[in-house]
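Inspection log for the structure reproduced underneath, given as structure tokens.
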There are 2 protein chains.
Amino acid sequence: MNSNTDTSRSTKASAPVALHARTSVEQVEEGRELAPKFDQDGLIACITTDADSGDVLMLGYMNHEALVKTVQTGEAHYWSRSRETLWHKGATSGLVQVVEEMRIDDDQDAVWLRVRVSGSGASCHVGYRSCFYRRIPIGSQRHTSTGLVFAEPTKTFNPALIYGDAPNPTML
Amino acid sequence: MNSNTDTSRSTKASAPVALHARTSVEQVEEGRELAPKFDQDGLIACITTDADSGDVLMLGYMNHEALVKTVQTGEAHYWSRSRETLWHKGATSGLVQVVEEMRIDDDQDAVWLRVRVSGSGASCHVGYRSCFYRRIPIGSQRHTSTGLVFAEPTKTFNPALIYGDAPNPTML
């Protein structure tokens, strides 16, 4: 009986993810149907934050498949715009992002993942915990400096050791 | 003497914001020069979080002018993609976002604002505090529900009273 229940529960968790057509503003904003809006490149923006600190770790993009895999597995998947491929975050580095909570915004053109990161906890290919490791001085903060200020003092890993000679994803 | 100092400080805060040309991966990732990458529409994505709770409030977009105004004034400015105009957040609703910290990511194609919101503290035109007021069940959470789950139980204001008959910005 327990085993039957487990099978049923497991089946439900991995069941197909229904993405609904967008039919009205009310459906999109006030409804319970997942009806994401992908842009002209078939992508939706994804904000990823650290479930403990609340810090923004990265802004990624998902295609239909990445969104569905994230929902089914509970591990963050993205579309790599530089490599043009599905990207199971952490597959190379071991720094898998386990999703604690996934949300979608009012017009369903952006998602938010709250994650716990395996290993060192880093999410940035440059070696920092967060991709947002530099501060832009604003308003009265510009009295002291107008250049970028490093908010994370040190890298958590050496990218050359993790990624070897893989191409750098940053595009000019 | 104090008055001279104040003038000098004030001038520095409102001084022109230098946006540098992108010349190398090293400059963009490791440098102190602000060299943002605007997309084919002239926009850069902006994640806005609550400075106290860490909750993501919204994902907006900035053009060159909105980014510069945010840096100079310390109040969030965006580019409204639906109205196609510069958008000083809170100009209509009074819910101004005062920026505590502004960051930029590794490849400088996204910014992050940590803000304190005036008034009721809401940032979503539907009436919720956060635009991300619905949860997408993932993995084992799908045993209970596969539809969206409201994470904020009530709206903080009635949009009809604030925005009147202004067009809804959500696009299908």
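Just so it is clear, none of the values below were taken in a lab; they were calculated from the coordinates. Given the structure is predicted, the values throughout are model-derived calculations rather than measurements. FYI the Cβ positions are ideal-geometry reconstructions off the backbone, even for glycines, and counts take in every protein chain you see.
Some observations on this one:
- C-alpha long axis of helix B:64-73 to longest principal axis of chain B, angle in °: 80
- Among A:Gly31, A:Gly42, A:Gly139: highest mean-square fluctuation, GNM of chain A, C-alpha pairs under 10 Å: A:Gly139
- Rg and Dmax [Cα atoms of chain B; Å; Rg one decimal, Dmax integer]: 18.7, 69
- Highest-MSF residue in chain B out of B:Glu75, B:Glu26, B:Glu100 [GNM, Cα springs under 10 Å]: B:Glu26
- Which of A:Val68, A:Ile44, A:Val98, positive extreme of dipole for the range A:34-131 (C-beta unit charges): A:Val98
- Chain A: angle of helix A:2-13 to the longest principal axis, Cα-based, in degrees nearest 10: 60
- Extent of the protein assembly as shown along its three principal axes (Cα atoms, max minus min coordinate, largest first): 84, 57, 33 Å.
- Entry note: the range B:34-131 has Rg to Rh equal to 0.94, where both radii use alpha-carbon atoms and Rh is the Kirkwood radius.
- Cysteines, the protein assembly as shown, no other Cys beta-carbon under 4.7 Å: A:Cys46, B:Cys46
- In chain B, the beta-carbon sitting nearest the axis that superposes B on A belongs to the residue given here with its distance in angstrom, B:Gly54, 1.
- Contact order for chain A, expressed relative to its length and based on alpha carbon pairs under 8 Å spaced 6+ residues apart, stands at 18 percent.
- Cα centroid of the range A:103-172 to Cα centroid of the range A:45-59, whole Å: 10
- Here, the range A:70-119 has an Rg and a Dmax of 11.6, 35 Å when only alpha carbons are counted.
- As a proxy for reagent exposure, ranking B:Phe157, A:Phe150 by other Cβ atoms within 10 Å from fewest up yields A:Phe150, B:Phe157.
- Mean partner shielding of peptide A:144-150, defined as the number of other chain Cβ atoms within 10 Å of each residue Cβ, is 4.
- Prolate/oblate/rounded call for the range B:91-172, Cα gyration tensor, a/c under 1.5 rounded: oblate
- Distance between the pseudo-spin-label points of A:Ala166 and B:Thr156 (7 Å out from Cα toward the beta carbon): 3.9 nm.
- Mean Cβ count within 10 Å, highest first, over the residues of peptides A:86-97, B:121-132: B:121-132, A:86-97
- Over the range B:72-172, relative contact order from alpha-carbon pairs under 8 Å, at least 6 apart, %: 20
- Restraint check, B:Lys89/B:Lys155; A:Lys155/B:Lys89; A:Lys37/A:Lys155; B:Lys37/B:Lys89; A:Lys89/B:Lys89; B:Lys37/B:Lys155, Cα-Cα greater than 29 Å: A:Lys155/B:Lys89; A:Lys37/A:Lys155; A:Lys89/B:Lys89; B:Lys37/B:Lys155
- With each label modelled as a point 7 angstrom along the Cα→C-beta vector, the B:Ser82-B:His143 pair spans 3.9 nm.
- Sorted shortest first, the distances from the B:Ser120 label point to those of the same residue in the other copies are 4.5 nm; each point sits 7 Å from Cα along Cα-to-Cβ.
- Annotation for B:His20 and A:Val68: the two label points, set 7 Å from Cα along the Cα-Cβ direction, are 4.4 nm apart.
- The same position A:Ala166 in the other copies lies at 4.4 nm from this copy, comparing label points 7 Å beyond Cα toward the beta-carbon, shortest first.
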